[in-house]
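Below: the structure, in structure tokens.
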Amino acid sequence: MRIISNLFAIGLTLISALFTACGSKPIQGVIITGQNNHNWPVSHQAIKMTLENSGLFKMDVAISPAAGEDMSGFDVDFSKYQFVFLDYNGDPWPEKMNEAFLDFVRNGGGVVVYHAADNSFSSWDEYNKIIALGGWGGRNEKSGPYVYWKDGALVKDTSEGFGGSHGARHEFVLNQRVASHPILEGLPEHWKHASDELYDRLRGPGNIKDCLYTAYSPVEKGGSGREEPQIFTVEYGKGKIFHITMGHCGETLEDNPAMQCAGFQTMLLRGSEWCATGKVKQKVPADFPTETQVSLRPDYKPVINK
Ligand SMILES: [Zn+2]
């Protein structure tokens with residue numbers, strides 16, 4: 001009996017070693033949150049559930065002091081993580097944390113810039129290079145050009161004006177703009193996102209590396225009338241930066257269509273894997289939206305690789 005149980009234990013060890021060798025050990029990341037003009041107590045949960053329920057990620061959460069409180073004790077040990085997920089729009093971090101973050105990114109660390117994280121830190125030059133485009137916070141022509149898709153290419157428009165706006169929330173179609181990228185492998189060229197804010201008129205250094213998807217911002221919804229970058233990677237040092245402007249958080253986990261969207265969740269999962277490892281091993285999920293049909297996952301439980 002003892003031999004059998006020993007054999008069983010050895011078997012388990014071997015299986016565990018095999019999983020590790022196959023890269024099945026969860027990717028380690030940290031969500032930075034705690035201040036936002038959005039509903040961060042819900043958004044960071046939706047992000048954590050989406051990533052961890054896939055079985056591919058283990059996410060810590062770093063919650064800052066509340067707005068206006070003493071930030072001097074806030075710190076994140078970036079060396080513990082393969083990537084950082086930014087769900088933060090608020091007071092400046094301590095200088096020591098700023099420097100540690102920049103070192104992490106310059107040396108190849110992964111970053112996901114999510115929704116209002118591109119509203120944050122409008123006067124921090126290096127941060128603006130990490131996000132490539134941002135909005136609000138007093139951004140204007142001094143922040144850099146408007147960047148949008150026109151006649152088959154991204155254009156930089158230096159005309160004067162505020163940076164960052166959006167019209168009424170609505171469902172909209174994402175349009176793929178690069179021929180290939182690991183994040184896009186197998187995904188449709190066009191897919192319909194659930195009701196969300198469509199960020200437009202963003203401005204910044206504009207150092208977009210690969211513009212993965214744009215969406216048309218209709219004037220009749222209060223938008224710009226332009227084809228606006230929504231999902232892109234950023235050129236910055238050795239960093240792997242994935243910026244997704246979508247995902248306005250609702251009142252509750254249940255009332256949260258933009259973050260329940262199977263397309264949005266797939267982009268979070270693929271963008272996070274890519275910026276953490278440089279690769280994407282996920283298959284296209286069966287419930288991915290089509291060009292005409294929105295697809296929701298109210299339970300934040302992605303089914304991938306099956
Ligand atoms: Zn929003």
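The values are calculated or read from the model by the stated rules, or taken from the named source; none is laboratory data. In this text, all values refer to a predicted model and were calculated from it rather than measured experimentally. Ideal geometry is used to build each Cβ from the backbone, glycine not excepted, and the neighbour counts take in all protein chains shown.
Worth pointing out:
- Where a residue in segment 155-170 is in a loop (DSSP other than H, G, I, E, B) and its partner, wherever it lies, is away from the ligand (no atom under 15 Å from the Cβ) and among the polar types (S, T, N, Q), with Cβ under 7 Å and at least six apart: Gly161/Asn140; Phe162/Asn140; Gly163/Asn140; Gly163/Ser143
- Scan segment 190-214 for residues that are over 11 Å from His243 (Cβ atoms), part of a strand (DSSP E or B) and not hydroxyl-bearing (Ser, Thr, Tyr) and the total you get is 8.
- Of the residues making up segment 138-173, those that are small (Gly, Ala, Ser) and within 16 Å of the ligand (Cβ to nearest atom) number 5.
- Boolean, Val105 is closer than 17 Å to Gly239 by Cβ, β-branched (Val, Ile, Thr) and buried (at least 18 other Cβ atoms within 10 Å of the Cβ): yes
- Some residue of segment 190-200 being surrounded by 15 or more Cβ atoms within 10 Å (Cβ to Cβ) and over 20 Å from Met259 (Cα atoms): no
- In segment 238-293, residue nearest to Lys25 (Cα to Cα) [restricted to those that are within 16 Å of the ligand (Cβ to nearest atom) and β-branched (Val, Ile, Thr)]: Ile244
- Test for Thr266: is it at pLDDT 95 or above and either within 21 Å of Phe57 (Cα to Cα) or assigned to a helix (DSSP H, G or I) (or both): yes
- Of all residues in segment 23-37, exactly one satisfies the criterion of being within 16 Å of the ligand (Cβ to nearest atom) and outside any loop (DSSP other than H, G, I, E, B), namely Thr33.
- On inspection, Ser54 passes the criterion of being hydroxyl-bearing (Ser, Thr, Tyr) and under 21 Å from Ala276 (Cα atoms).
- Considering Ala62, Ala66, the condition of being of a type in the set (A, V, I, L, M), part of a loop (DSSP other than H, G, I, E, B) and away from the ligand (no atom under 16 Å from the Cβ) is satisfied by Ala66 alone.
- Against the numbered list (1) more than 25 Å from Ile130 (Cβ to Cβ); (2) at pLDDT 95 or above; (3) surrounded by fewer than 20 Cβ atoms within 10 Å (Cβ to Cβ), Gly223 comes up short only at (3).
- Criterion: out of contact with any Lys or Arg (no Cβ under 6 Å at 6 or more places or on another chain) and modelled with pLDDT of 95 or more - qualifying residue of His170, His193: His193
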